[in-house]
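Novice: Here it is: the structure, laid out below.
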Amino acid sequence: MSEAATRVPHATPPPRIFSIDLLRGASVLLMLFVNEVAGVAGAPAFLRHKGAADDGMTITDLVFPSFLFVVGMAIPFALGARLRGGQAGAAGFRHVVTRAAALVVIGVLMVNAEHGVPGWLSVPVWNVLMTLGVLLVWAVPRDGWAERRWSWLRATGVVLLLFVVIAYRGNGMTGWLQLRPHWWGILGLIAWAYLGVATLYLLVGDRPAVLTGFLGLYGCVALADGAGGLGWPTIPGPLIGGIVGTHGAVVLAGTLLGVLLIRHQLERSSPRRFALEMLGYAGALTAAGLLLHTLAGVDRAFTISKIHATLPWGLLAAALTCAAWVIVFLIMDAAGRRRSPHSVSIAGENPLMAYLMAPFLLSLFALLTPLSGGRNLYEALSQPTGFGLVRSAVFAWFVVRLSGWLRSRGVRFQL
């Protein structure tokens with residue numbers, strides 16, 4: 001990658017946009033909540049995913065793409081800061097690949113924790129050890145209390161991860177290595193989409209017209225892939241589709257907004273006028289999604305489906321997220337309001353830690369079952385329905401607070 005291709009046309013760093021952090025935090029909190037609602041019998045339909053055969057989406061189906069959109073918004077700020085600081089494009093690309101690879105590894109490990117059967121270790125024990133290994137490898141700080149022991153702690157984490165990989169036993173699997181990418185997991189899907197869009201951004205920089213053209217290309221690839229017209233080979237197919245398909249299109253839609261936002265900051269244009277323009281952008285995404293949906297009777301690729309990751313679903317989710325961001329932007333950044341719910345702020349600062357801590361805590365609850373007469377008290381709290389919803393909300397709050405506490409002690413992911 002040449003320096004000219006990756007050069008950012010502005011030299012001064014743009015001010016921090018608080019609405020991005022707040023929207024990310026809200027997505028994480030809602031994700032933690034709806035994940036637990038899935039185990040509550042009688043929960044409202046709008047708090048559950050639509051089925052594979054359904055055409056439509058609920059607020060739960062909006063959580064994942066909203067996070068993807070925010071990931072895209074952050075790309076011009078994060079990578080742009082590196083380029084403005086003089087980092088070469090090749091170094092930025094290495095950072096992107098390293099970060100994506102780490103997310104894929106963690107995502108696959110977490111997926112296997114959901115599909116495993118007791119082998120050398122019980123599933124909860126395996127999950128606890130896996131989480132500790134991940135924390136030691138990627139979340140141990142190099143400074144502060146662990147400065148002298150950082151290399152030893154990280155090496156311990158690598159050994160622990162190797163152990164759990166070898167000890168893993170999958171349902172119906174044979175051989176000494178039974179870990180499989182049943183699917184990439186949420187983190188893996190984020191990683192592939194991020195890898196494609198971040199690489200594209202390093203190549204084209206802050207060029208809205210070019211990014212808009214690629215957004216159209218991403219959409220075409222997503223439609224062709226969803227309709228089965230591309231015929232990807234078995235091995236690269238899931239990778240290419242994940243990088244350039246609907247998930248990538250949602251990330252790219254967010255990146256385009258991020259680029260326009262940086263331009264707005266540099267030009268010091270009216271925040272209200274910019275907000276109206278971005279509402280127009282959300283309207284265009286909505287129109288595109290609805291127009292494509294009119295062809296739902298032609299092929300499933302034109303339906304609105306989170307499970308099948310269809311393009312209309314991605315465009316409509318991106319539109320709703322964009323509109324939500326505009327509202328938060330007007331309140332937080334344009335009006336200068338800096339106070340926000342503390343838990344939302346913490347969630348926005350520690351999304352990966354929160355996502356990892358949730359199954360970790362659930363595994364600990366399962367391990368404590370013998371102490372309560374063989375009954376999982378957390379699962380018992382899922383009934384009646386109202387009580388289960390409160391339990392899910394409290395759990396989401398606690399996970400976020402725990403993540404913030406760990407961060408205050410220096411434990412944070414360095415990807």
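The values are calculated or read from the model by the stated rules, or taken from the named source; none is laboratory data. Since the structure is predicted, the reported quantities are computational estimates derived from the model, not experimental observations. Reconstructed Cβ throughout: ideal geometry from the backbone, glycine too, with neighbour counts over all protein chains shown.
Novice: Residues to consider are Ala53, Ala81; find the one that is more than 21 Å from Gly248 (Cα to Cα), surrounded by fewer than 17 Cβ atoms within 10 Å (Cβ to Cβ), among the aliphatic types (A, V, I, L, M) and without any contact (Cβ under 8 Å) to a residue 40 or more places away in the chain.
Specialist: Ala53
Novice: Could you please tell me which pairs satisfy a Cβ distance under 9 Å, a separation of 6+ or placement on different chains, a first residue in the stretch 179-203 that is on the phi > 0 side of the Ramachandran plot and in contact (Cβ under 8 Å) with a residue 12 or more places away in the chain, and a second residue that is of a type in the set (D, E, K, R) and surrounded by fewer than 24 Cβ atoms within 10 Å (Cβ to Cβ)?
Specialist: That search, which allows pairs on different chains as well, returns Gly185/Glu114.
Novice: With the requirement that a residue be modelled with pLDDT of 90 or more and touching a Gly at 6+ places or on another chain (Cβ under 6 Å), what does the stretch 375-414 give you?
Specialist: The one that is modelled with pLDDT of 90 or more and touching a Gly at 6+ places or on another chain (Cβ under 6 Å): Thr385.
Novice: Scan the stretch 321-344 for residues that are modelled with pLDDT under 90 and touching a Phe, Trp or Tyr at 6+ places or on another chain (Cβ under 9 Å) and report the count.
Specialist: The total comes to 7.
Novice: As an exercise: evaluate Leu320 against (1) aliphatic (A, V, I, L, M); (2) part of a helix (DSSP H, G or I); (3) more than 20 Å from Leu32 (Cβ to Cβ); (4) in contact (Cβ under 8 Å) with a residue 60 or more places away in the chain and give the number of the one condition it does not meet.
Specialist: That leaves (3) as the condition not met.
Novice: Anything in the stretch 332-348 that is part of a helix (DSSP H, G or I) and either free of Cβ contacts under 8 Å to residues at least 40 places away in the same chain or of a type in the set (Gly, Ala, Ser) (or both)? List them, or say none.
Specialist: Scanning the stretch 332-348 gives Ala334, His342, Ser343, Ser345, Ala347, Gly348.
Novice: Would it be correct to say that Arg409 is over 15 Å from Met31 (Cβ atoms) and surrounded by fewer than 17 Cβ atoms within 10 Å (Cβ to Cβ)?
Specialist: Judged against the criteria, Arg409 is a match.
Novice: If you don't mind, another one. Name the single residue that is nearest to the chain's Cα centre (by Cα) among those in the stretch 382-406 being crowded, with 18+ Cβ neighbours inside 10 Å and over 30 Å from His95 (Cβ atoms).
Specialist: Among residues in the stretch 382-406 that are crowded, with 18+ Cβ neighbours inside 10 Å and over 30 Å from His95 (Cβ atoms), the one nearest to the chain's Cα centre (by Cα) is Ala396.
Novice: So how many residues does the stretch 57-76 have that are of a type in the set (S, T, N, Q) and either within 14 Å of Leu29 (Cβ to Cβ) or touching a Ser or Thr at 6+ places or on another chain (Cβ under 8 Å) (or both)?
Specialist: Adding up the residues that qualify gives 2.
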